[in-house]
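Okay, structure first, notes after.
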């Protein structure tokens, strides 16, 4: 079936999580993603292994629908293979440390000279400019420096990282958007361009509402927050507050386990019905909660009343009661809940795959649903599984040429047998 990105070829030199998130999404959309790996492979193949001598879930869950080729970029003939691949691809993706590709001879200027139509997409921790440009970054470092940790948690506790991988996977999503925009621009102009996303920048974008509140603090306290905000100069941590115009919080249900909570948003339109169900006419007419302004002032007492009511029900029972009142709510769902949830299965957000090393395993599905070109999720590749296929099909190399390159160490860790590197040809 023709897919949304059929006909686009992406050379993916990224590793670990941020870049592979972007390239996997593009592969699910139909792009031919060639994962170029060193002879030792993406480091995540061996990280957090749960099955000996098999690719880890860390790798398999971020590299579906890709083809793998191994190339030794320290070998002069390996560099020639990379140059030839650049000529044949629409996008080159990388997330190496600052200056790594330049030292290998493949700066953006050289890449653009080899293929003027190519889009080169880079993920950096803090970008290629500015005083932080040379710093190393990881998921939680990006969260720390992008505004997420300082605004996550409770005010009397330490800053916390989020469960969602907003520094890595969030940055990957931003990069995918940038790539698609650059390809659209190229289709109009004929010119490729350089696309860069910094992890710190991506986290800041995802914390946009916190910067909204930062500026509001200049004009007074934030009444929707459950913690005092008078005199603050920075947006505080506020636990499970909704962060929006309506009050929201997690209320504890029976039997009182770590995830026995229901998150509830108390909209203005549903308060009367909710109050009548929880506390009868007395609560519905209580002047302390008559308006959203009064509920904000007295929200600690409102949440105490709702928690008392919730203690009689499980989170699923309470969700049913509140949904009948049109109250926005949702149970706190554990990974176990989600892996066995019928709605999740119906939405194909948990997909069973088969792997020659691992056997049966599950991947998170494609969250973007396209009516005419739905994603078909396929397993991740073995290391170098498609090397010969790509060399022959994409580059048109003969088997004799492939054998010569292999003997010269272009695809392995063996020392180079070719004494010098030929500057990439520009046709």
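Observations
- Residue match in the range 386-401 (condition: exposed (fewer than 12 other Cβ atoms within 10 Å of the Cβ), at positive phi, assigned to a loop (DSSP other than H, G, I, E, B) and assigned by TED's automatic domain parsing to the domain that holds residue 170): yes
- Among the residues listed as 68, 23, the single one being out of contact with any helix residue (DSSP H, G or I) (no Cβ under 7 Å at 6 or more places or on another chain), buried (at least 21 other Cβ atoms within 10 Å of the Cβ) and in a strand (DSSP E or B): 68
- Checked across the range 96-113, the condition of being crowded, with 16+ Cβ neighbours inside 10 Å, outside any loop (DSSP other than H, G, I, E, B) and within 23 Å of the chain's Cα centre (by Cα) holds for no residue.
A quick yes/no check of all residues on (1) under 30 Å from residue 279 (Cα atoms); (2) part of a loop (DSSP other than H, G, I, E, B):
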site	(1), (2)
323	yes, no
326	yes, yes
351	no, no
377	no, yes
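- Of all the residues in the range 290-315, those that are closer than 29 Å to residue 257 by Cβ and in a helix (DSSP H, G or I) number 14.
- Of all residues in the range 32-63 being part of a loop (DSSP other than H, G, I, E, B) and in contact with a strand residue (DSSP E or B) (Cβ under 6 Å, 6 or more places away or on another chain), the one that is nearest to residue 20 (Cα to Cα): 61
- Residues satisfying the criterion are present in the range 360-371 (criterion: closer than 30 Å to residue 86 by Cβ and either without any contact (Cβ under 8 Å) to a residue 60 or more places away in the chain or loosely packed, with under 14 Cβ neighbours inside 10 Å (or both)).
The values are calculated or read from the model by the stated rules, or taken from the named source; none is laboratory data. Given the structure is predicted, the values throughout are model-derived calculations rather than measurements. Don't worry about glycine lacking a Cβ; one is built from the backbone with ideal geometry, like all the others, and counts go over all protein chains shown.
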